[in-house]
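**Student:** One structure is given below, represented as structure tokens, and several questions about it will come after.
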Amino acid sequence: MNTHNNSTAGKVNSKAYRRLGAKTQGVICLIVVLGFFWYLGANMGVSNMIKSMMATAHDLLLNTVFYLMAVCVLTGAIGRLFMEFGVVKLLETILRPLMKPLFNLPGVASLGAVMTFLSDNPAVISLANDKQFAVYFKKYQLISLTNFGTAFGMGLLVIMFMIGQGYMWEPIVGLVGACIGCIISTRMMQKFVIKSYPEYEIQEAVQHEYEEIKEVERDNKQSLFIRILNSLLDGGKSGVEVGLAIIPGVLIISTMVMLLTFGAPASGEYTGGAYEGVGVLPWLAGKINFLFEILFGFHDPHMVAFPITSLGAVGAALSLVPGFLAEGWMDGNGIAVCTAIGMCWSGFLSTHTAMLDSLGYRTLTSKAIIAHTVGGFCAAIAAHFLYLLVSLI
């Protein structure tokens with residue numbers, strides 16, 4: 001009887017603890033949100049704060065999101081065309097010899113790099129869940145695909161966007177920097193996994209007999225024109241879906257970041273216009289700006305907003321670029337560095353948990369995040385010094 005009573009009391013206490021925890025979280029959340037808007041309202045005025053938020057979000061939607069969606073549609077069409085006519089397979093064949101020496105991955109992993117470069121991070125997970133693909137991997141290698149694929153996520157979109165801003169070779173330097181960051185992130189993750197689970201170093205990812213990857217036979221009965229038309233339209237449709245998916249990130253994250261990045265108008269008085277804010281992030285970055293200048297070559301503390309935003313969504317981070325260029329805060333070096341860190345990170349904080357969960361290794365999420373954070377910083381540093389080297393030639 002006493003045991004039953006103790007068990008019942010324990011369950012009641014557990015429920016009470018959870019209710020208390022939920023209330024505590026609610027109080028903390030309320031304090032943080034109210035404190036954030038109180039600070040903005042105290043500096044800008046409540047009316048101006050609300051008007052600036054709405055005006056900034058509206059301008060981002062019209063002048064940035066639709067531009068990004070157009071880029072997504074075009075890159076999606078090109079990507080689907082490449083897949084239809086075997087260009088992806090050709091690229092995978094060319095890149096395959098580099099996989100083992102650089103990333104310690106089997107050659108077929110190059111297909112994951114190409115697919116995520118043309119689309120987004122989760123593309124590599126759809127491959128990893130295919131047993132005919134996973135059969136080539138050890139367990140620790142398969143897990144590291146989360147970091148490997150993320151470093152190339154939305155790469156084509158990022159590069160095309162930067163080229164669209166009037167820069168040609170700087171985004172290519174950024175691409176090389178992203179590859180360096182990917183090597184570091186992937187190999188770090190592999191070491192973390194082996195250290196936590198030594199048996200994964202020798203265990204096969206898929207426990208069954210060896211199978212060759214089977215190519216899907218394409219239906220070549222359609223005419224060449226129809227195949228091209230279907231590829232372009234289907235790819236463009238997928239680009240629209242990506243463009244719609246980035247709207248929340250751009251409008252929510254970028255609006256908040258811009259409120260914390262930009263300051264008052266030149267007159268010094270807030271008007272409620274778009275891109276007015278309190279300038280907190282540049283003030284904080286200015287305290288350690290010497291580090292960003294040495295490592296990244298950032299000559300203006302406002303630039304720190306790009307890598308911070310890239311943590312959550314690279315599409316949102318790209319929306320900052322036109323404003324930075326217009327203000328004169330970003331130069332060719334900034335384009336190269338932001339291409340590298342934006343492409344390498346590509347919103348990994350918002351995707352790593354889901355990606356590892358789909359693979360069945362959620363407990364390794366923190367290690368993946370640490371490895372990829374280091375990889376992104378290394379990508380930016382590499383891009384900076386590569387830019388300086390190329391500039392001297």
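**Student:** Between segment 237-258 and segment 52-112, what is the separation of their alpha carbon centroids in Å?
**Tutor:** Using only Cα atoms, the two centres lie 16 Å from each other.
**Student:** With a point put 7 Å past each Cα toward its Cβ, work out how far I370 is from F66 in nm, to one decimal.
**Tutor:** Rounded to a tenth, the inter-label distance reads 4.7 nm.
**Student:** Please give me the summed charge of the neighbours of V321: other residues whose Cβ is under 14 Å from its Cβ, Lys and Arg +1, Asp and Glu -1.
**Tutor:** Once all neighbours under 14 Å are counted, the net charge is -4.
**Student:** Convex hull volume of the Cα atoms in segment 249-393, per residue, in Å³?
**Tutor:** 118
**Student:** Taking the Cα of A354, stepping 7 Å toward and past its beta carbon, and measuring to each backbone N in segment 155-189: which are under 18 Å?
**Tutor:** Flagged as within label range: 155.
**Student:** Additional query: How far is it, in nm, from the label point at Q203 to the one at L34 when both lie 7 Å from their Cα along the line to the Cβ?
**Tutor:** 4.9
**Student:** Using the membrane-span-like helix rule (whole DSSP H runs, Cα extent along the own axis of at least 24 Å, mean Kyte-Doolittle hydropathy at least 0.5), which helices of the chain qualify?
**Tutor:** 66-84, 170-196, 224-245, 365-392
**Student:** Just to confirm a number: summing +1 for Lys and Arg and -1 for Asp and Glu over residues other than N147 whose beta-carbon lies under 14 angstrom from that of N147, what do you get?
**Tutor:** Counting the neighbours of N147, the net charge comes to +3.
**Student:** Report the gain in length on full extension from I226 to R96: 0.36 nm times residue separation, minus Cα-Cα distance, nm rounded to one decimal.
**Tutor:** Extra length from I226 to R96 when fully extended: 43.7 nm.
**Student:** Please find the FRET efficiency linking V27 to A266, where r is the Cβ-Cβ separation and R0 is fixed at 45 Å, and quote it to the nearest 0.05.
**Tutor:** 0.65
**Student:** Taking N as the number of residues in the chain, what value does Rg over Cα atoms divided by 2.2 N^0.38 Å take?
**Tutor:** Rg over 2.2 N^0.38 Å, computed on Cα atoms: 1.11.
**Student:** For the pairs K89/K237; K100/K131; K138/K195; K100/K367; K138/K237; K100/K191, note any where the Cα-Cα span goes beyond 25 Å.
**Tutor:** Over 25 Å apart, Cα to Cα: K138/K237.
**Student:** Here's another thing I want to ask about it. Using Cβ contacts closer than 10 Å as the measure, can you line up M330, M168, M99 from fewest to most?
**Tutor:** Listed from fewest to most nearby Cβ atoms, that is M168, M99, M330.
**Student:** Just need the Rg to Rh number for segment 86-141, please, alpha carbons only, Kirkwood Rh.
**Tutor:** In segment 86-141, Rg relative to Rh is 0.94.
**Student:** Now a separate question. Run the paramagnetic zone check for S47: 7 angstrom along Cα to Cβ, then residues of segment 250-287 with backbone nitrogen under 17 Å.
**Tutor:** Inside the label zone: 269-274.
**Student:** Also, I was wondering about something else. For M54 and V390 in the same chain, what is the full-extension length gain: residue separation times 0.36 nm, less their Cα-Cα distance, in nm?
**Tutor:** Length gained between M54 and V390: 116.8 nm.
Every number here is computed from the coordinates shown, using simple stated rules; none is lab data. In this text the structure is predicted, and so the values were computed from the model without any measurement. Methodologically, a virtual Cβ is constructed for each residue, glycine included, from the backbone with ideal geometry; neighbour enumeration extends over all protein chains shown.
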